[in-house]
1. If a residue has to be of a type in the set (A, V, I, L, M) and either surrounded by fewer than 22 Cβ atoms within 10 Å (Cβ to Cβ) or part of a loop (DSSP other than H, G, I, E, B) (or both) to count, how many in the range 179-208 make the cut?
2. Looking for whichever is of a type in the set (A, V, I, L, M, F, W, C), in a strand (DSSP E or B) and modelled with pLDDT of 95 or more here; the options are 159, 125, 176. Which one fits?
3. Out of all the residues in the range 287-302, is one or more over 30 Å from residue 137 (Cβ atoms) and either among the aliphatic types (A, V, I, L, M) or outside the structural domain of residue 95 (by TED's automatic domain parsing) (or both)?
4. Looking at the range 187-215 only, could you name the residues that are in contact with a helix residue (DSSP H, G or I) (Cβ under 9 Å, 6 or more places away or on another chain) and within 15 Å of residue 333 (Cα to Cα)?
5. Looking at (1) touching a residue at least 60 places away in the same chain (Cβ under 8 Å); (2) out of contact with any Phe, Trp or Tyr (no Cβ under 9 Å at 6 or more places or on another chain); (3) small (Gly, Ala, Ser), which one does residue 352 not meet, given that it meets all the others?
6. Can you tell me which residue among 208, 188, 131 is of a type in the set (D, E, K, R) and over 28 Å from residue 227 (Cβ atoms)?
7. So, residue 161, is that one of a type in the set (A, V, I, L, M, F, W, C), closer than 24 Å to residue 264 by Cβ and within 28 Å of the chain's Cα centre (by Cα) or not?
8. Taking the condition of being surrounded by fewer than 24 Cβ atoms within 10 Å (Cβ to Cβ) and either modelled with pLDDT under 95 or among the hydrophobic types (A, V, I, L, M, F, W, C) (or both), how many residues in the range 136-145 meet it?
Amino acid sequence: MSDSAFVIAGAGVVGLAVARALAGAGREVILVEKADRIGTGISARNSEVIHAGLYYPPGSLKARFCLEGRRRLYAYCAARGVDHRRLGKLIVAVEPGQEAKLDAIRDNAVRCGVDDLVALDRSQALALEPDLRCSSALLSPSTGIVDAQGLMLALQGDAEANGATVVLRTAVERVARNGSGFLVRTRDEGGEAFELEASAFVNAAGLDALTLAGAIEGLPPGSIPPGRLARGNYFTLSGRSPFSRLIYPVPVDGGLGVHLTLDLAGQARFGPDVEWIDAIDHTVDPARGTMFASEIRRYWPGVPSDGLQPAYSGIRPKLSGPGEPNADFVIQGPDDHGAGAVVNLFGIESPGLTSSLAIADHVAALLRDA
C-alpha cells in the first residue's frame, strides 16, 4: 500500500509526458508499465514524425494539440538535447486530378492555424527533390523527425527528477473506489499482487486502454467507445535515399498513404499502410512489398525493384473503422463520466507523439482539483 498518489497506467510517450506534468506540479506520481522498459508499444512503432497539423478537422483535439504540441516539442527537444531535425515535407499530387485534394489540404490547414505552407508547381517541387514525380506539391516547412526513444528518456528523467516513480513489469488489473479515492490493484510479472492507494488515476494504456477502462469501478460502460485495430506496416530502403525531405502522397482511407520518411541517420523508410486486423499481431508480410513498390513508384519511379525490405509494424488504436471518418482523440475527465478523478485516453494514435506535451497539460488541468 502506497501513500495516496496519482497513478498512471502506461509508460508510452503520453503516459511519460503526463507523469512529467503532474510531478512538475508537485503531485506524487506512480507510473505503472507492464513491459520491462518504457515505450515499447505504440510509441516505439511509428514514423517518429513531428507533424505540422495539416489534416485534422479544425477545432478538433487532434488539430489543437498537434499545433500546440509541435511548437512545444521543438522547444523541448532543443532545450533537453533530444535529437531531432526540422526537415520539412512535400505533400504531392502525382496527377492533375489530385490537385483539388492539395487545395483542400491547404485550406484545412489554414483553418487549423497552420500558416507556413507553400504551394509549389511541378518545376518548383523538382528543384527541391529532383527524383520526385508529381504535378504539384505543398511544402510543409514545420514537419520534422525526432528520436522517440530519446524523447521518452528525457520525459522519464524529468518526471523522476521531480519525485515520480516508474514501476516496470507490472500491470494494472483493477481500479476500485476507496472513499474519495481509489485502490489500484496491480500484479507484477512474478504474479505478486500489490495495491496502490490513489487520489487520481490516468489510463494511458494505449492499445490496452479500452480493456483497462472496463476494469475501473463506477465507470459507465456506455462511456467506453468501441475500438478497432489498424496495423501499419513499414519497409526500409536498401541503399541511399535520394530525398532530403519527407514525401507524402495525398491521403488515403484510414491513413496518410504509403509515404517516405527519413530517420535521423538519413535512412529512408516507407509506410505505414492501413491493414485492418482483429488482434494484436506485429508480423509484417514480405509480400506486401509488391504493393508498397507500386504505390511508391507513383511519386518515385526510380525505386529499385529489389530495394525494399520488411522492417516493422505499428498498430493504431482507432475509434473508427474502414470507410468512416477518422475519429478524434477521446480524453475523458471527471465531468465526462462521473466516476471521480479518472482520466481515460482513448484512440491516441497519430499525432499522439507530436501532441504529447499538450495532451499532458490538458490531463493535468482535468485533475487540478483532485
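1. Qualifying residue count for the region: 5.
2. 176
3. Checking the range 287-302: at least one residue is over 30 Å from residue 137 (Cβ atoms) and either among the aliphatic types (A, V, I, L, M) or outside the structural domain of residue 95 (by TED's automatic domain parsing) (or both).
4. 200, 202, 203, 204, 213
5. Residue 352 satisfies every listed condition except (2).
6. 131
7. Answer is no for this residue.
8. 3
The values are calculated or read from the model by the stated rules, or taken from the named source; none is laboratory data. The model shown is predicted, which means the values in this text are computed figures rather than measured ones. Methodologically, a virtual Cβ is constructed for each residue, glycine included, from the backbone with ideal geometry; neighbour enumeration extends over all protein chains shown.
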